[in-house]
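S.K.: Structure below; questions to follow.
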Amino acid sequence: MEAISKVEVLESKAPVQPVVLYPDLEDKPAALQVRVALRREELLRLLLAGHRVKECAEILRWSTQTVRGELANVFFRNRLRLVSLEIYGKVDEELATLKTDPATRLSEMADKALDQMELLLDSSDDRIKLRVSQDVLDRNMETSKTRRLEKSSRSLNVNIELLARAQKTAEEVSEYNQHPRDS
């Protein structure tokens, strides 16, 4: 038996991709520069694959705010623009949507939901029609179940000390009125 005296190292045939360095990381330690650059490149890859901002956050296990922070980085945005103008435009549009006022977004979503409910009223399933009808009636302030309950169960806040003083005053007045007046 022949003993193995050499260990052969096989070289990889895949070309080594250089790490893109971002100017905003120049003053950081080299390890951090590489780590952040690789994470940004992963985000870039996900965006190019067609993922939306929230999906990228879930895949990378980042918060949506962290992804938005990276997307707000000028150097990252320039890199994205160089790679794909189309994706850059979509990301820019999505970021603008995320920045709009929540009340405006909620109003727009409510309009879409109401349109969908209107279509469901024509459903052949009576249970769906019933539920949609109830939801539509609940959105109207005069026919809403919640509003009717609010009207029937109003709360009354009473100051206990004030109530006790009022009772004492009423007793004093009653006692005063019961005694004959000496004139």
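None of the figures in this text is laboratory data; all of them are computed from the coordinates on show. Keep in mind that what you see is a predicted model, and the values were worked out from it rather than measured. We place every Cβ from the backbone using ideal geometry, glycine too, and count neighbours over all the protein chains shown.
S.K.: If the label point is 7 Å along Cα→Cβ of residue 90, which residues in region 47-64 have backbone nitrogen under 15 Å from it?
M.R.: Once the point is set 7 Å along Cα→Cβ of residue 90, 47-57 turn out to lie under 15 Å by backbone N, inside region 47-64.
S.K.: With Kirkwood's inverse mean 1/r over C-alpha pairs for Rh, give me the Rg to Rh ratio of region 69-127, two decimals please.
M.R.: That ratio is 1.28, to two decimals.
S.K.: Which shape class applies to region 23-99: rounded if a/c is under 1.5, otherwise prolate when a/b exceeds b/c and oblate if not, where a ≥ b ≥ c are the square roots of the Cα gyration tensor eigenvalues?
M.R.: It comes out prolate by the Cα gyration axes.
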